[in-house]
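Shown next, in structure tokens, is the structure this report addresses.
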Amino acid sequence: MLTVGLAAALVLCAVLAAGIGAYRIPLGDILASFGHRLGLGGHELDRVPESVLWNVRLPRVVLALLVGGSLGCAGALMQGVFGNPLAEPAVIGVSSGGAVGAVGCIVLGLDTLGTWTVTASAFVTGLLTVFAVYAMSRSGGRSEVVTLILTGVAVNAFCGALIGLFLFTADTAAISQVTFWQLGSLSQATWGKVLGVLPFALVGLAVAPRYARSLDLLALGERPARHLGVDVERMRLVLITVVALLTAAAVAVSGIIGFVGLVVPHLLRMLAGPGHRFLLPASALAGALVLVAADLAARTLAEPAELPLGVLTALIGSPFFFWLLRRTRTKQGGWA
């Protein structure tokens, strides 16, 4: 029932987001335009609302769906793999690595791939950073959770230093562009970027549920999971790769958007338990719902200006997460 409710809320929020903005489009016109495009009746809108709907609003809504779903699912996978409800994709360096690639391109003025240069660079460096973290944390053909986390912390710090060095040498225009990218936004959404993210999101979201049972067994501990037939090391490598694909693709087109991959799975786990057969698809749905709603708020709360999406999710997510921590601590009678 919760999954159906999330799906229904997501559809409703997406339709509202397509119609609400500086140029408002009535719900009836949206449905008529959809029906016309799908050959189910309806009619084509006038030139301006048709262009706003299909060239501005819908690419942004669909990109928010993909980015939010990717971050939510990646967060649930990270918490399952690390056995820690406080884990999130940024732990393994994918966000900071992607930021290094994007900031480097902006500051150095690279334009090899045209408008795709920053996006492609962020995606590639995000993936390379994750694989570097995994390779450095392996010892004797195995990797341990603690080593992965500590290696990720060190790599995140190193990436932060590189970003600071780039900013030190950047001019004012580049600093402004870097700041906008780091704060997160979907304002540059196009159908091209949607198609760029879509394959990675589909692959990641299709592979993740196949490991739901293995993640449930891993929650018993690595040794019991191995005795029950789980190849822990292989599963960890596959799922870290899936997390890297989902997060790197999301970061590449939207910049850094925090707290979606942390708060969403944590909240769903509180509502419906830790079973990953439900948690993984529900985290994707809830992540998409949160990001569509947050993007709608970001572009309407301060019209005609637009709030940075990453700032908005952090402003809402951090107090909410603090409340979750306090609630858990009170319920358990302390941390010890």
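Here the residues Arg138, Arg223, ranked from fewest to most Cβ neighbours within 10 Å of their Cβ, fall in the order Arg223, Arg138. Would you give the gap between the C-alpha center of region 1-31 and the C-alpha center of region 220-288, rounded to a whole Å? The distance from the Cα centre of region 1-31 to that of region 220-288 comes to 27 Å.
Listed peptides 316-323, 262-269 appear in the order 262-269, 316-323 once ranked by packing, highest mean of other Cβ atoms within 10 Å at the front. Converting phi to 3J(HN,Hα) with the Karplus coefficients 6.51, -1.76 and 1.60 and the offset θ = phi - 60°, region 122-137 yields 4, 5, 5, 5, x, 5, 4, 5, 4, 5, 5, 4, 5, 5, 6, 8 Hz in sequence order, with x at every glycine or proline.
With the alpha-carbon atoms of region 4-115 aligned to their principal axes, the span from lowest to highest coordinate is 49, 43, 26 Å, starting with the largest. Each Cα pair under 8 Å and six or more residues apart adds its separation to the average, and for region 61-332 the resulting relative contact order is 34 percent.
With a cut-off of 13 Å on the backbone N, the residues of region 257-291 near the modelled label site 7 Å out from Lys331 along Cα-Cβ are 266-274.
Ordered from longest to shortest, the equivalent ellipsoid semi-axes for region 51-163 are 29, 20, 10 Å, each the square root of 5 times a Cα gyration tensor eigenvalue. Annotation note: chymotrypsin sites (Phe, Trp or Tyr not before Pro) in region 1-88 located in DSSP loop regions with a Cβ neighbour count of at most 14 within 10 Å are Tyr23. Note on Phe322 and Arg24: the model spin-label points, each 7 Å out from Cα along the C-beta direction, lie 3.5 nm apart.
Distance between the pseudo-spin-label points of Trp116 and Thr169 (7 Å out from Cα toward the beta carbon): 2.7 nm. Neighbour counting of Cβ atoms within 10 Å sorts the residues Met78, Met270, fewest neighbours leading, into Met270, Met78.
Using the Karplus relation 6.51 cos²θ - 1.76 cosθ + 1.60 with θ = phi - 60°, the per-residue 3J(HN,Hα) values for region 229-245 come to x, 8, 7, 4, 5, 5, 4, 4, 5, 4, 6, 5, 5, 4, 4, 4, 5 Hz, with x marking Gly and Pro. Whole-Hz Karplus values for region 314-319 come out as 5, 4, 7, x, 5, x Hz, taken residue by residue from phi with 6.51 cos²θ - 1.76 cosθ + 1.60 and θ = phi - 60°; glycine and proline positions read x. Between helix 58-82 and the chain there is an angle of about 10 degrees, using the helix long axis and the longest principal axis of the Cα atoms. From least to most packed, judged by other beta carbons within 10 angstrom and beginning with the fewest, Ser143, Ser51 follow the order Ser51, Ser143. Can you pull the one-decimal nm distance between simple spin-label points at Ala305 and Ala32, each 7 Å off the Cα toward Cβ? Simple spin-label model gives 3.7 nm for this pair. For the chain, the longest principal axis of the alpha carbon atoms and the long axis of helix 27-38 meet at an angle near 80°.
Throughout, read-outs are computed from the coordinates displayed, never taken from laboratory work. Everything numeric here is computed off the predicted structure, so don't read it as measured data. Note that we place each Cβ from the backbone using ideal geometry, even for glycine, and neighbour counts take in every protein chain shown.
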